[in-house]
Amino acid sequence: MQSSDIEEYAKRLGADVFGVADLDLIRDYPVEPPGLLDSFTRGITVGVRLNDGIFDGLPETRPLYGRQYQVANDRLDQIAFELARFIEKSGYRALPIPASKVLKEMHWRSFISHKAIARAAGVGWIGKSLLLITREHGPRIRMASILTDMPLETGQPVKRRCGRCRECVDNCIVNAISDSEFEDYPVREEVFDVDRCAEKLQEFASDPDIGFMVCGICIKVCPWGKRKKESG
């Protein structure tokens, strides 16, 4: 079975984004549990694009964003679940990683970084906001991952294309983003104030009208996310 077969199935399940990463590129990244990657050689990334109207209308549409965030995560978890079953039926190991799950001992991290897998797969690059930026969708996506030992063909990391753009830096409502220069996946705390961001997200999550840790301003202002809409 080839990567194209898995991609075709993922697209049938509803994925807008697909890629395969060589996990050797990210074995130094934090994971939980520590041996999470030991049995696997590939990381599959799947993503769905979120609605432009949600981001274009922010901050007024933030309560709607909270609901769409939940819907997207549920869909991604279903796609990852079905892909993992498909791979296992082919005789290989597969482990789906949830789209959104913060672990209490990981300082606002999950089991593994979906963004790190997606970057290693060549799906996009890590922007100054530490969001994954894709050429087609910008940062207007949500992602999930599947770890596997299926010997799939992998993509290659792409160079960052943020250039001198400061839109996310200048528009962050809590000034959490630095105008930093980096090419690979950076040390998060050196370029981004995660605690300042998380504090604001928790405030939104406690709002009954929103109910989730979503903000979305850095996603809204990224020029790459606007390109498809404006060019269409």
*Being modelled with pLDDT under 90 and of a type in the set (Lys, Arg) is the filter; apply it to segment 95-134 and report the residue that is most open to solvent (accessible area, probe 1.4 Å).*
Lys104
*Condition met for Asp24 (loosely packed, with under 13 Cβ neighbours inside 10 Å, of a type in the set (Asp, Glu), under 20 Å from the mean Cα position of the chain (by Cα) and in a helix (DSSP H, G or I))*: yes
*asked:* Of everything in segment 1-20, what is open to solvent by 40 Å² or more (accessible area, probe 1.4 Å) and either assigned to a helix (DSSP H, G or I) or modelled with pLDDT under 95 (or both)? Give them in sequence order.
replied: Met1, Gln2, Ser4, Asp5, Glu7, Glu8, Tyr9, Lys11, Arg12, Leu13
*Near pairs, Cβ below 6 angstrom, 6+ apart or cross-chain, from segment 137-157 (farther than 14 Å from Val123 by Cβ and open to solvent by 10 Å² or more (accessible area, probe 1.4 Å)) to any residue that is at pLDDT 95 or above and of a type outside the set (A, V, I, L, M, F, W, C)*: Asp149/Thr41; Asp149/Tyr92; Asp149/Arg93
*asked:* Please determine whether any residue of segment 36-47 is under 11 Å from Ala121 (Cα atoms), of a type in the set (D, E, K, R) and touching a residue at least 60 places away in the same chain (Cβ under 8 Å).
replied: yes
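The values are calculated or read from the model by the stated rules, or taken from the named source; none is laboratory data. Small disclaimer: the values here were computed from a predicted structure and weren't measured. Using ideal geometry, Cβ is built from the backbone for each residue, glycine included, and neighbour counts are taken over all protein chains shown. All accessible areas refer to the heavy atoms of the entire protein, side chains included, with ligands and DNA or RNA removed. Shrake-Rupley method; radii C 1.70, N 1.55, O 1.52, S 1.80 Å.
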